[in-house]
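What follows draws every value from the coordinates through simple rules; no lab data is involved. All figures in this text were calculated on a predicted structure; none of them were measured in a lab. Please note: Cβ atoms are built from the backbone with ideal geometry, for glycine as well, and neighbour counts cover all protein chains shown.
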Amino acid sequence: MKLTSKEQAFAAQNHKLVSEYLECRHLSEDEYYDVVIFKYLRAVNSYLENEELQKAAFCTIAYEAMDSAISNYRKSYRSQKRRAVVLSLDYPVNYSGTLTFQDILPDNGCNVCEQICEKQALDTILQAMNHPYQEMISLKLSGYSNREIAQIYAVALSDINRCFRNMEEIICDLEMAV
């Protein structure tokens, strides 16, 4: 938010209200200054632009704005995402205590970057293929055999085999293009 020179002067002239507010509410300036200052500056902007607000004392408007900032901050701080339960990798996940999180988490030695690149390459390949081919690949990745896929599409097994050969050619062409 950009303040005009008049708003900047007014904000500087009344800046002591921020410290007074924090002291009055027994709030640490180190922790809460950043929480309230932007609402204070918005209050300055609103106060100088709105003649209705100017009927009240600015300190009242500023305190209400900073109260709102503190309330929003505390509400956010108490939210579920801020209260996550922290568990050790050695935490048991079954009643007998023989299985831990470390036992069920993926291998730490896997290369995440490589997996992401492979996923992006697969997405590129799938986009280059028409819808029936995409469905066939999905079935194949789900563990269906060519024979089962042929039964699903009610076509001959040789047609499915030919489709997969065509897909292999598309993949080879894409690899050559890269």
Which net charge results when you count Lys and Arg as +1 and Asp and Glu as -1 among the other residues whose beta-carbon is under 14 Å from that of GLU29? -3
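What order do you get for LEU139, LEU126 when you list them from fewest to most C-beta neighbours inside 10 Å? Don't jump to the answer; show the numbers that get you there.
Numbers: LEU139 17, LEU126 12.
Lowest to highest Cβ neighbour count: LEU126, LEU139.
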Qualifying aspartates and glutamates (Cα of each under 18 Å from Cα of LYS39; at least 8 residues distant if same chain): GLU7, GLU20, GLU23, GLU29, ASP30, GLU31, GLU49, GLU64, ASP67
Under the Kirkwood approximation applied to all pairs of distinct alpha-carbon atoms, what is the hydrodynamic radius of region 5-82 in Å? 13.0
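Label region 112-177 by shape, choosing from rounded, prolate and oblate, from the square roots a ≥ b ≥ c of the eigenvalues of the Cα gyration tensor; if a/c is under 1.5 it is rounded, and otherwise prolate applies when a/b is larger than b/c, oblate when it is not. Show your work: numbers first, answer last.
Working: a/c = 2.64, a/b = 1.69, b/c = 1.57.
Prolate is the answer for region 112-177, as a/c is 1.5 or above and a/b outweighs b/c.
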Under 12 Å, Cβ to Cβ, from CYS163 - net charge with Lys/Arg +1 and Asp/Glu -1: -1
Loop-only GluC sites (Glu not before Pro) in region 11-68, please: DSSP not H, G, I, E or B, and at most 16 other Cβ atoms within 10 Å. GLU51, GLU52
For region 112-177, what is the charge dipole size about the Cα centre, in debye to the nearest 20, if Lys and Arg each add +1 at the Cβ and Asp and Glu each add -1 at the Cβ? 260
List the lysines whose Cα sits under 19 Å from the Cα of LYS140, skipping any in the same chain fewer than 8 residues away. LYS119
Using amide H atoms built in the peptide plane, which far-off residues or other-chain residues are under 5 Å from THR100 H to H? VAL93
Extension reserve of the GLU51-ALA154 stretch, reckoned as 0.36 nm per residue once the Cα distance is removed: 29.5 nm
Return the sequence-ordered ³J(HN,Hα) values of region 152-168 in whole Hz as given by the Karplus equation 6.51 cos²θ - 1.76 cosθ + 1.60 applied to θ = phi - 60°, using x for Gly and Pro. 4, 7, 6, 10, 6, 4, 4, 5, 5, 4, 5, 4, 5, 5, 4, 5, 4
